[in-house]
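Written out below as C-alpha cells is the structure these notes cover.
None of the figures in this text is laboratory data; all of them are computed from the coordinates on show. Note that this is a predicted model, so its numbers are computed, not measured. Note that we place each Cβ from the backbone using ideal geometry, even for glycine, and neighbour counts take in every protein chain shown.
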Amino acid sequence: MDDASPATVPEKEDVDASDGRGNKLDSINHDDDKNGLRPGSSFLFPILVEDDSIPHNKNKIVFITGAGISTSAGVDDFQSRSRTKMSSRNMLDISAIWSEEFLSWSRALYNICSKAQPTPFHHFLDELASTSRLLRHYTQNIDCLDTSLHKLSSRTISLHGRLDTFIYTICHKTKHVPFAVYDDTFGFPCEECRLKSERRKSGGKRGLPVGVLRPKILLYGEVSPDAEEIAATWEQDALDNVDAVVLVGTRLKIPHTRKLAYSLCRSSKSRGGTVIWMNRVPLESEPTTEQPPEVFGIDHVTRGTQVEQSRPPYPPPT
C-alpha cells in the first residue's frame, strides 16, 4: 500500500520556513501558470528542470515515490478514502483479502487506474530514464501508471506490488490480469496445483492444497514475495555511486520504505550527493518517525508551491 499524501494543498504565501533546527530556509516560488498544472500542484511537475537551485549535473538519480505523484491522475484521492464499513487499515490487512470489502475496493481502484493516464511527473521520469540519468525508480504505488512508459517501467521497482498482476498463493507464479477479467480471476484455482493433487489422490495418497489467484499487492501483516530481490537491488544501488536521491509525494510512514530511503540517502551523502524532499506537507509538520526527514541529509525541500534551499546543507547522517 502506498502512503497517501494529504488531500489539501497550501495556498501560495510567504512562508517563514525552518528546517526543524531553527535554521531558516530560503523560499523560491514556482509559477503554476507556466507548467500548465492547477494551482498548488507544482510538486507534481519536474521542478528539477525548472529551478537553478536544484543541481542539473546528476547522472545517477534514484527516485522514491508515493501517492503524491499520482494525485493529478485522480488516483490518490480515491485511495485515501474507504467507502466500506471497515477501516482502511483493517481492509488492507492480509486477514481480509477474501472479504467482499477488499474485493470491492480493489476492483474499484483497478477500474480507476486502468483509465488513468501518466502524470507530467511520470513523463518527466520517463525522460530521465531515456537519457540513462534515472538509475532506479522505487515506488510504493500500486496504480501501474508507469506501464505505458516503457523506459520508466524498465527502471521501476514496485515495492508494494501492482494491481494488474496476480499471484498464485502456493506456487507463487504470477499472471497479468486485465481489468475486464478481474472478478473472474480473483480466487481462481491453480490448474497445476489441481492436477498435482489429483495425481496424488489417484495414487492413493492424500491430496495437496490447491493455490488460488490473488492480487499481487502487499498487505499489512505479510512479507513481500519480492523482498529478497528488492533488497538485493537497493543494496547494489547503494554501492553504485548514486549522486542524487529524490523523495517525492510520500511521508515515508511505511517502515521498510523508510529504511530503504535512509540507506540510499546515507550512501549518496557519503559520496557528496544531493538529497531532495518533495511533498505537499511542510517538513516541520511531518509526523515523528524513528528516522525523521532531518537525518536523511536533505539539501532541498519542495512543498506545495514552495521550494526551499537550505544553506548550508543538512549534515549527512552519522
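Numbers below:
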read-out	value
Relative packing of 243-256, 94-107, which averages over residues the other C-beta atoms within 10 Å, highest first	243-256, 94-107
Karplus 3J(HN,Hα) series, Hz, for segment 261-273 with 6.51 cos²θ - 1.76 cosθ + 1.60 (x for Gly, Pro)	4, 4, 5, 6, 5, 4, 5, 5, 5, 5, 10, x, x
Amide H within-cut-off set for residue 244, under 5 Å, with H built and near neighbours excluded	60, 62, 274
Sequence of 271, 280, 206 once ranked by neighbouring C-beta atoms within 10 Å, starting from the fewest	206, 271, 280
Exposure proxy order (Cβ contacts within 10 Å, fewest to most) of 91, 278	91, 278
Listed residues 140, 128, 167: farthest to the positive end of the dipole of segment 116-180 (Cβ charges)	167
Cα→Cβ-extended label distance, 7 Å offset, between residue 153 and residue 270, nm	3.6
HN-Hα J in Hz across segment 112-117 - Karplus 6.51, -1.76, 1.60, θ = phi - 60°, x for Gly and Pro	5, 5, 5, 9, 6, 10
Those residues of segment 207-222 whose amide nitrogen sits under 19 Å from the label point placed on residue 259, 7 Å along Cα→Cβ	218-222
Point-to-point label distance, residue 232-residue 90, nm (Cα→Cβ direction, 7 Å offset)	4.0
Ranked list, fewest to most other Cβ atoms within 10 Å of each Cβ, for 148, 153	148, 153
